[in-house]
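Report on the following structure.
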Amino acid sequence: MSMLGPRGVESGHQEYYLEGGNLAMLVCGCVVLLMTLPMIFLNERKMARIYMVLSRAKAECIPLVPINMTRKHQTNFKLVHCVGRNNTDAPVEDVDFGVAVEQAIRVVRRVEMLQWVEIKREEQSSEGNKTWYEYAQQWSTKVIDHHVFDQQKGHENPRVMACQNDTFSCEKAYLGLYSLNLSQIARLTNTRDFRPNDEQKDEILGKTDGWLHDLGFERLTYKTQYFETKPVDDLARDLAPGIGTTRISWLYVPCGTMTVMAQ
């Protein structure tokens, strides 16, 4: 029922209704908001605990400078902050290749083989889905099985690699009078390229001739920063030129200055 106002303009009231979809979104939003409140509380509590731990560590930490003049019994079971140069008492070796690096924390062998890779491409159109395959040569650290390719002929890869990636770590490392544990050693990651001198090159070649031949690979040759080898005889059959070429190099983590906070 409508009424006329003082100036003869019809006045009344309007009613608003939420559609079903909007109402559902409103309810979901409220539920999500309620669910986030405990998460926010737990996160803030976690940050507060971390702050308390760090503040306590800062207050109780004992700096040790120089570390080589500190007696271990004076700081047993205490939180200490050490800064100094780490060292080892034996070289780190890759025995299969005769690579030995003095004053190193870790030696990493990198092995890559040139192989075919399959690249699958798809296109959607009004006529339907179209799929095609492309093939490219790439260096890979593992054997790529060409039997799963859509077009195997002309894209064969070797069945095996001459060797695998590997990592060799020192057995013991020290910071002054303190022994580093495995977790602390694992955090040392400042790598450098290993560049062998002429004597080391001869050692590597002498160590690998026998077992590389048994696996069906050529003698190693040194090119810039890599040692290279290629498959021969039956292993090289049906392979495109260059496919199966394997390059081997090494990285190492040298001893150096580090900082440790531990108890």
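The values are calculated or read from the model by the stated rules, or taken from the named source; none is laboratory data. All of these numbers come straight from a predicted model, not from anything done at the bench. Using ideal geometry, Cβ is built from the backbone for each residue, glycine included, and neighbour counts are taken over all protein chains shown.
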Practice task
Spot the failing condition for residue 152; the list is (1) closer than 30 Å to residue 250 by Cβ; (2) out of contact with any strand residue (DSSP E or B) (no Cβ under 6 Å at 6 or more places or on another chain), and only one is missed.
Solution key: (1)
Exercise for the section: Please specify each residue of the range 218-231 satisfying the condition of being farther than 18 Å from residue 96 by Cα, exposed (fewer than 13 other Cβ atoms within 10 Å of the Cβ) and not basic (Lys, Arg). Expected result: 224, 225
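Quick grid of which residues meet (1) among the hydrophobic types (A, V, I, L, M, F, W, C); (2) under 30 Å from residue 54 (Cβ atoms); (3) assigned by TED's automatic domain parsing to the domain that holds residue 89; (4) surrounded by 15 or more Cβ atoms within 10 Å (Cβ to Cβ):
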| position | (1), (2), (3), (4) |
| --- | --- |
| 165 | no, no, yes, no |
| 170 | yes, no, yes, yes |
| 178 | no, yes, yes, yes |
| 189 | no, yes, yes, no |
| 210 | no, no, yes, no |
| 216 | no, no, yes, yes |
| 258 | yes, yes, yes, yes |
Practice task
Spot the failing condition for residue 124; the list is (1) at pLDDT 90 or above; (2) loosely packed, with under 12 Cβ neighbours inside 10 Å, and only one is missed.
Solution key: (1)
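Consider residue 193 carefully, then state whether it is touching a residue at least 24 places away in the same chain (Cβ under 8 Å), loosely packed, with under 12 Cβ neighbours inside 10 Å and closer than 30 Å to residue 82 by Cα.
On the way: touching a residue at least 24 places away in the same chain (Cβ under 8 Å): yes; loosely packed, with under 12 Cβ neighbours inside 10 Å: yes; closer than 30 Å to residue 82 by Cα: yes.
Yes.
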